[in-house]
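The values are calculated or read from the model by the stated rules, or taken from the named source; none is laboratory data. The model shown is predicted, which means the values in this text are computed figures rather than measured ones. Neighbour counts run over all protein chains shown; Cβ positions are idealised from the backbone, glycine included. These area figures cover heavy atoms from the full protein model, side chains too; ligands, DNA and RNA do not enter into them. Shrake-Rupley method; radii C 1.70, N 1.55, O 1.52, S 1.80 Å.
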Amino acid sequence: MGRANDEAAAALEEYADLFAMTGGDAFRVRSYQKAAKAIAGFPEDISGGDVRRVAGVGEAIAKKVEEFLLRGSFRQLDDLRAQVPEGVRAMTRIASLGPKKAVFLFHELGIDSPDALAEAIHQGRLTGVRGFGAKTEENLLKGIEQMRTSGERVHLGVAMGLAERVIASLPAEKIAYAGSLRRMKDTIGDIDILAVGPVSLMETFKEQPYVAEVIASGAHKTSVRTTVGLQVDLRVVPAASWGAAMQYFTGSKEHNVRLREMCVKRGWKLSEYGLFEGDRVIAAETEEEIYAALGMPWVPPPLREDGGEVEAALRGTLPEPVTLADIKGDLHTHTDLTDGIAPLEQMLDAAAARGYAYYAVTDHAPDLVMQRMTLDKALEQRGRLRGLQASYPGMRLLHGTELNIGPDGSVDWPLEVLEGFDVRVASVHSHFTQPRDEMTRRLIAACENPGVQIIGHPTTRKIGKRPPVDADWEAVFAAAGRTCTVMEIDAYPDRADLPSDLIRLARHHGVKFSIDSDAHAVPHLGNLRYGVGLAQRAWLTGEDVVNTWPLDRLLAFFGRA
DNA sequence: GCCGTTTTCGGCCCGACTGTTTTCAGTCG
């Protein structure tokens, strides 16, 4: 939160929910939802210009947003808030309870919160109520309990680990994950697995040790809640419609709606079974065939958010997103000299095995007192690194540091010391709750420090644990663009920092990026793929990412040459 | 409410599963 765009988007989403609950037209509901999403993803601050420039925002929504920007709400939202208590909206977050039932329960029985619903069920007040049998009551209680305990989304690393475990456990002819995981979203609500295989696959799935509860099971789909709380859906699909199923279940929903609209206009039908004209199959076996039939190249999953990718694909101007193979080096890593767990040589060996052309060791600097770093230790490490260079002929070893951005924006060492390091990352590690204006000044001061090249994990968020710091990101990114300060995309999956919406905003200001692992151990080097996913979601190309560049170009840029 | 090689009106994606309303509505993705 903090950006006007996000706040306005949240207000429109709330309005869409309330509008739906009060019997509003479903197509209008969708208009509000689409506008909210478009505003949240718009690279410019909507408070600085005409919100009508945002696709999906017409006259009526623009008026609501303008009123919201003036006074933090708008009349129609106030009216609906007066009709529907906050707790009733919260009830729709209970699994299996949607807007219709929530509003029914409120009007007929006065139930106005998840807690009140649980109490009403225990008191037997739902017994005999039309549409609410014993099974429904049981499911609602379960849903309330689950919302109280493990209702949160998990970060990409947790979801990917579980998905890979599920895939390894099932003897299928063909099996893959789809959904938001394949689109590399930074948080995942559930996992979709598609498989080609015998019907017995479902039984095998249900018996796996990671299954805590079978939620639903049919011939085509089985849903389970796993022991880590995350839901996994397994769908068995015909081999002939593999591509259609992958396309369909990868989503996003909004991307698929766009494709279907195109199909309808041609008299075609696109479903998880294929692209059809009447009974004739136009394409079904591969995603490439389906996209080709619609006149566009295959769209990489992280771009499938209806954020302009369909139009770009049709025009042939789809960007070629940065890939893991483009990455030539890692510019933010640690060793056991500070809080890493692996010795220098192990980290270097692992980096060399990944085929990097360069690799920066960036242990912490003295101001992070608990790391017990000193300039002597850093210089000793530099000497070791220089000595080891001959053992890594294909990989240039860079000696770096991860500085601490103090509350006033200053860093650990003076410029003459900093200039001795090849790579200087500077990050916030404390005073996370500074007021917005102080935090903004702090980050801008770091950007303006000629000794700082990269701002590490800029928002410092930890998914599920720590919110992002509050700063005026427009101002910070403008300063970064002006000073050629690189913004890091920290690939560590619980950080995922910058998030992709802020990457887009930063790019808008001409900022370059560095996708780094922030590895504290050898396996962490592999987290880089998550950072690449974030970058792809923000439409970054290799040109935007400095650690896809050859070393001489990188160093010249760091010299602000 | 938005939008336009169906352009100022008329359409806006599609299917599976569940529970319960004996023919379907609600929810979900």
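The figures follow:
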{"item": "Extension gain from A:Thr286 to A:Thr323, taking 0.36 nm per residue of separation minus the Cα-Cα distance", "result": "11.2 nm"}
{"item": "For region A:380-526, size of Cβ-based charge dipole, Lys and Arg +1, Asp and Glu -1, in debye", "result": "340 debye"}
{"item": "Highest average packing first - A:359-369, A:297-307, A:425-435, A:198-208, Cβ atoms within 10 Å", "result": "A:359-369, A:297-307, A:425-435, A:198-208"}
{"item": "Residues with amide H under 5 Å from that of A:Ser427, placed H, sequence gap 5 or more", "result": "A:Leu403, A:Asn404, A:Ile405, A:Gly456"}
{"item": "Charge context of A:Lys37, other residues only, Cβ under 10 angstrom, K/R +1, D/E -1", "result": "-3"}
{"item": "Peptides ranked, highest mean first, by Cβ atoms within 10 Å: ranges A:5-14, A:385-394, A:222-231", "result": "A:5-14, A:222-231, A:385-394"}
{"item": "Separation between Cα centres of region A:288-343 and region A:210-271, rounded to whole Å", "result": "22 Å"}
{"item": "Contact order relative to length of region A:304-368, as percent, for alpha carbon pairs under 8 angstrom and 6 or more apart", "result": "35 percent"}
{"item": "Calculated [θ] (222 nm, deg cm²/dmol) that DSSP helices of n ≥ 4 give over chain A, each run adding -39,500 (n - 2.57)", "result": "-12500 deg cm²/dmol"}
{"item": "Long pairs among A:Lys63/A:Lys269; A:Lys253/A:Lys328; A:Lys101/A:Lys253, criterion Cα-Cα beyond 26 Å", "result": "A:Lys63/A:Lys269; A:Lys253/A:Lys328"}
{"item": "Out-of-range pairs (alpha-carbon distance over 32 Å; input A:Lys142/A:Lys265; A:Lys37/A:Lys206; A:Lys185/A:Lys206; A:Lys37/A:Lys135)", "result": "A:Lys142/A:Lys265; A:Lys37/A:Lys206; A:Lys37/A:Lys135"}
{"item": "Cut-off under 5 Å, modelled amide H: who pairs with A:Leu398 long-range", "result": "A:Tyr359, A:Ala360, A:Val361"}
{"item": "Sum of side-chain charges, A:Gly456 neighbourhood, beta-carbon under 11 Å (Lys, Arg +1; Asp, Glu -1)", "result": "-4"}
{"item": "Peptide ranges A:485-491, A:473-479, A:374-380, A:109-115 listed from the most packed, as the mean C-beta count within 10 angstrom indicates", "result": "A:485-491, A:473-479, A:109-115, A:374-380"}
{"item": "Average Cα contact separation per residue, chain A, under 8 Å, 6 or more apart, as relative contact order %", "result": "10 percent"}
{"item": "Relative contact order of region A:323-417, defined on C-alpha pairs under 8 angstrom at six or more residues apart (%)", "result": "29 percent"}
{"item": "For A:Thr250, net neighbour charge (Lys/Arg +1, Asp/Glu -1) across residues whose Cβ lies under 10 Å away", "result": "+1"}
{"item": "Residues whose placed amide H lies under 5 Å from that of A:Ala283, excluding near-sequence neighbours", "result": "A:Leu275"}
{"item": "For chain A, accessible area per residue (1.4 Å probe, heavy atoms of protein chains only), Å²", "result": "43 Å²"}
